[in-house]
Amino acid sequence: MKKNEFQPGFRLNLRIIADALDQYGKKIEYYGSGDSQTLTGVRLYALGIMLKPEYVYFISSGDLVSRAQMFQGIPMVISGKINPDLLPDNTPAIIVLDSDNPLEIFSMVQDVFDRMRQWDIRLQASLSQRHPLQEILDASIMNLSFWRKPVTVRAWRRETGIKEAGRRWSHSLRSMILRQMLFIRRG
């Protein structure tokens, strides 16, 4: 790998996307059977395409009714109400109940992947900085306004600027722990 070339490292699961849609104010139902952290992007379903498990497919409830078994083990976001019994076994799915604008929902899902890629790039870039831990904290704090889940940062070496990061972040971290459940564990 060349010096400023980044390799995407994050792979998402459908739970992260469900949390984001919920935070956007969408009424959803999440079915997590078989949900694993393997997703690299979102695709629109079209008749005849080869389905790949590393993508989450966006499909209308009407299209899914006649093709449900094709989606065995394939993550999907379904636009519109559908009977959950039609979902294949061991298939993660999000049903978006208030789907007035399906393209808006698709854009929201794409936004989740975009945010994670931007965070990943910034985290990778931080490793070449003078104080990588501080850079990791800076990058992560920006994403916490979107993600409601705890973030754990583990310092792997004492020479990475832990004392300096601790001084700059002591007040901010106290507030963030209370507001956003940010946990920093030193190891």
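Tabulated results
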| quantity | calculated |
| --- | --- |
| GluC sites (Glu not before Pro) restricted to DSSP loop in region 22-128 with at most 15 other C-beta within 10 Å | Glu54 |
| Counting DSSP beta bridges with both ends in region 1-127, the antiparallel % (nearest 5) | 30 |
| Region 132-141 - phi-based ³J(HN,Hα) in whole Hz, Karplus 6.51/-1.76/1.60, Gly and Pro as x | x, 5, 4, 5, 4, 5, 4, 5, 6, 5 |
| Region 1-136, dipole about Cα centre (Lys/Arg Cβ +1, Asp/Glu Cβ -1), debye to the nearest 20 | 540 |
| Placed amide H near Gly41: partners under 5 Å, 5+ positions off or other chain | Val56 |
| In sequence order, calculated HN-Hα J values of region 9-20 (Karplus, 6.51, -1.76, 1.60; Hz; x Gly/Pro) | x, 7, 10, 9, 10, 5, 4, 4, 5, 4, 4, 5 |
| For region 44-49, Karplus couplings with θ = phi - 60° (6.51, -1.76, 1.60), whole Hz, Gly/Pro x | 7, 6, 9, 4, x, 7 |
| Those trypsin sites (Lys or Arg not before Pro) in region 9-73 that DSSP places in a loop and that have at most 16 other beta carbons within 10 Å | Arg11, Lys27, Arg67 |
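Each reported figure results from applying straightforward, stated rules to the coordinates on display, with no laboratory input. These figures come from a predicted structure and were not determined experimentally. We place every Cβ from the backbone using ideal geometry, glycine too, and count neighbours over all the protein chains shown.
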